[in-house]
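Some notes on the structure that comes next.
The values are calculated or read from the model by the stated rules, or taken from the named source; none is laboratory data. Note that the structure is a prediction, hence the values are computed from the model and not measured. Just so you know, the surface numbers come from the protein's heavy atoms only, side chains and all, with ligands and any DNA or RNA stripped out. Shrake-Rupley method; radii C 1.70, N 1.55, O 1.52, S 1.80 Å.
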Amino acid sequence: MLILSIIGIIILVVGAIFFFIDYAKGNKKQMSSIIMVVGLILGIGGYFGHTYQVHQEQVRQAQIKKAKEKAFADNYSNISYYAYETGTRAEKVGNKLTKVWHAAIWDDGGITIDGQNYTDFNKALNAQSDLYTSNGTIDKLDSKLNSLESTYKELKQNVTSKNTDKLSKAKNVVKDTKDLVNIVENPSGNYATFSSHFSDADAKLSSDL
């Protein structure tokens, strides 16, 4: 439409030139007048057509932005939900591992896991981890974490300038949740360092939420 408007202006100018030439020579001005009218119609039509297209594009962009902001808001509320669900499950696993670790070292009778008694903390931790794998605890934990990560991807795809700060907060929540899950699914170090790392990660996620 913008090109049509430019063409119309060119035709109008050409028609005006022919009009003045005809006027100077005393010739009939009918053809030059027609050219000017055609150019004027094309110019005006092209201008308003272009204006309409710009308006329609603005409306379309506003609708897209509105849809993105709604999708962002819906998923942003789910970030807290999935982080809480994941964190709660990870916290239970971490607390249990801490208890197993402590009992295997300091309790005289050791600890019984799935009907088997253990006094060696390495074997006890492996047994508890194997139990969590076999009974689906780890799968459920990973499933909640996957839902959290998928929700965050939706946030990134629908972020607008209005929500950059919220996206940054959500990113921190996801990172701290993943850190907590990694600690409880891959216990390492000694009892003191594991307990410290687990406690710090749990507190950090709680603070985020």
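Computed quantities for the displayed model
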read-out: Unsatisfied cross-links (Cα-Cα over 19 Å) in the set 70/144; 140/166; 68/153; 140/171; 70/156; value: 70/144; 140/166; 140/171
read-out: Surface per residue (accessible, 1.4 Å probe) for the stretch 66-208, Å²; value: 57 Å²
read-out: Isotropic mean projected area of the C-alpha convex hull, the stretch 66-208 (nm²); value: 8.7 nm²
read-out: Portion, in percent, of the accessible area of the stretch 66-208 that falls on carbon or sulfur, probe 1.4 Å; value: 45 percent
